[in-house]
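Student: Pasting a structure here, questions to come.
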Amino acid sequence: MRRVALFGPPATGKSTLARWLSAELDQPHTDLDDILFTPEGALPLDEFRRQAAQITCTDGWVVEGNFSKLADVVWHRADTLIWLDFPLPLILYRITRRSLRQLAGREDSAQARRLTWSSAFFARRSLLHTAIRKYRANRPRYARQVAETANLGVDVVRLRSPREVDRWKSSGQWRSMR
């Protein structure tokens with residue numbers, strides 16, 4: 001396992017697992033959000049795709065992000081695709097907990113600095129509302145795209161809970177992949 005694409009809904013631990021894999025595999029880690037969101041705003045799609053493709057044309061990498069629209073330049077170039085597919089109630093709990101920490105000033109990030117009570121919980125496009133909407137809309141599409149990616153010979157690991165992530169990590173299965 002040298003080229004890893006990792007995706008899943010918000011608050012599933014993508015960054016934590018990606019950083020861990022990056023260290024264990026001694027491969028560079030990239031969060032696609034860091035590419036997409038610049039101080040000037042979001043990159044145009046063609047530039048975002050170009051920069052993602054530039055990262056994934058190398059021999060080794062760990063790329064995280066919830067961007068299935070980049071499947072051809074990220075997922076299909078991976079040797080392993082990891083899908084963090086946690087249940088919606090757990091995701092909502094984790095988003096709420098993280099948002100409360102950020103609003104209380106106990107967690108600093110670019111997202112935390114932009115977060116308000118309304119954008120977290122009450123607005124029509126709040127984090128919670130968006131998570132529910134995207135979870136329902138994206139899961140069937142993800143299942144199709146993951147199957148297409150597997151048909152290209154990419155190993156797929158689907159982890160459905162934090163406990164499964166911990167078991168997978170401690171089992172060492174990731175060492176024997178490819």
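Student: Of all the residues that make up the range 113-156, how many are assigned to a helix (DSSP H, G or I), in contact (Cβ under 8 Å) with a residue 40 or more places away in the chain and more than 21 Å from L92 (Cα to Cα)?
Tutor: 5
Student: W168 versus (1) open to solvent by 40 Å² or more (accessible area, probe 1.4 Å); (2) part of a helix (DSSP H, G or I); (3) not aliphatic (A, V, I, L, M): which is the lone unmet condition?
Tutor: Unmet condition: (1).
Student: Search the range 24-71 for residues being more than 30 Å from W168 (Cα to Cα) and in a loop (DSSP other than H, G, I, E, B), and hand back the single one that is modelled with the lowest pLDDT.
Tutor: Ranking the qualifying residues of the range 24-71, first place goes to P39.
Student: Oh, and also: Can you tell me which residue in the range 2-23 is modelled with the highest pLDDT, limited to those that are at positive phi and open to solvent by less than 20 Å² (accessible area, probe 1.4 Å)?
Tutor: Going through the qualifying residues, I end up with G8.
Student: On to the next question. Scan the range 138-164 for residues that are farther than 16 Å from A71 by Cβ and hydroxyl-bearing (S, T, Y) and jot them down.
Tutor: S161, the sole residue that qualifies.
Student: Only one of these conditions is not met by N151: (1) at pLDDT 95 or above; (2) surrounded by 13 or more Cβ atoms within 10 Å (Cβ to Cβ). Which number is it?
Tutor: Checking N151 against (1) at pLDDT 95 or above; (2) surrounded by 13 or more Cβ atoms within 10 Å (Cβ to Cβ), the one that fails is (2).
Student: Still on this model: Just give me the residues in the range 80-112 being at pLDDT below 95, surrounded by 13 or more Cβ atoms within 10 Å (Cβ to Cβ) and assigned to a loop (DSSP other than H, G, I, E, B), in sequence order.
Tutor: The one that is at pLDDT below 95, surrounded by 13 or more Cβ atoms within 10 Å (Cβ to Cβ) and assigned to a loop (DSSP other than H, G, I, E, B): E107.
Student: What are the pairs, 6+ residues apart or on separate chains, where a residue within the range 50-67 that is over 15 Å from V4 (Cβ atoms) has its Cβ under 9 Å from a residue that is among the acidic types (D, E) and part of a loop (DSSP other than H, G, I, E, B)?
Tutor: Pairs that qualify, where the first residue is over 15 Å from V4 (Cβ atoms) and the partner is among the acidic types (D, E) and part of a loop (DSSP other than H, G, I, E, B), are A53/D72.
The values are calculated or read from the model by the stated rules, or taken from the named source; none is laboratory data. Values in this document were obtained by computation on a predicted structure and should not be read as measured data. Cβ: placed from backbone, ideal geometry, glycine included. Neighbour counts: every protein chain shown. When the accessible area is computed, the model is the full protein with side chains, heavy atoms only, and any ligands, DNA or RNA have been set aside. Shrake-Rupley method; radii C 1.70, N 1.55, O 1.52, S 1.80 Å.
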